[in-house]
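The structure appears below as structure tokens.
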Amino acid sequence: WAGVAVLRASELSAVASACLVWLWTGPVLQPGFEPYAVVMRIRETAGGGYAVMTDYPDLRCSGEGEAIPASTAGGFRFTERIQEPRRTCIDGEFEVRCRADGGLEWRWSRRTGQETAEAVLYRATPD
């Protein structure tokens with residue numbers, strides 16, 4: 001996790017921080033593909049920033065990213081760099097929004113804005 005966070009905790013409200021920092025999971029819906037799972041962990045780093053790690057077990061790939069300023073109010077945007085293997089997944093960005101029901105809206109896109117995917121994630125029990 002070291003070195004991947006760029007957005008400081010002080011830039012987020014305590015409510016948003018409490019919403020974001022957790023282990024999340026759910027099915028991803030992407031046009032042209034069967035639904036597939038995502039497991040995402042957002043955690044606060046020792047330096048007061050935020051780091052994200054993603055795993056796509058059905059696609060057998062994983063990534064990590066960093067928080068960046070969101071383009072829309074109320075959302076939190078992260079970059080995602082796929083670590084392995086790159087043949088089944090691609091780099092992109094995703095935005096998350098806290099939901100009133102305790103879930104997390106997740107919308108992914110390529111950096112070009114194409115190939116979008118979305119999910120509603122819910123808190124998972126850490127291993």
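Just so it is clear, none of the values below were taken in a lab; they were calculated from the coordinates. Just so we're clear, the structure is a prediction, and the values are computed from it rather than from any experiment. Here the Cβ positions follow ideal geometry from the backbone for every residue, glycine too, while neighbour counts run over all protein chains shown.
Points worth noting:
- The protection proxy used here, the mean number of other Cβ atoms lying within 10 Å of each residue, ranks peptides 102-115, 33-46 as follows, highest first: 33-46, 102-115.
- Using θ = phi - 60° in the Karplus curve 6.51 cos²θ - 1.76 cosθ + 1.60, the 3J(HN,Hα) couplings for region 26-37 round to x, x, 9, 10, 9, x, x, 10, 5, x, 9, 8 Hz; x is entered for Gly and Pro.
- Residue 112 versus residue 45: modelled label distance in nm, points set 7 Å from Cα along the beta carbon direction: 3.0
- Built amide H within the under 5 Å cut-off of residue 22, gap 5+: 42
- Karplus-derived HN-Hα couplings along region 57-68 (A = 6.51, B = -1.76, C = 1.60, θ = phi - 60°), whole Hz, x at Gly and Pro: x, 5, 9, 6, 8, 8, x, 9, x, 9, 6, 10
- Put simply, the amide H of residue 68, placed in the peptide plane, has neighbours under 5 Å in 77, 78, 79, leaving out anything fewer than 5 places away on its chain.
- Amide H contacts of residue 91 (H built 1.01 Å from N, in plane; Pro and chain starts excluded): 82 sit under 5 Å, all sequence-distant by 5 or more or on other chains.
- Estimated inter-spin distance, residue 37 and residue 90, nm [label 7 Å along Cα→Cβ]: 2.5
- Taking 7 Å steps out from each Cα toward its Cβ at residue 100 and residue 18 produces label points 1.8 nm apart.
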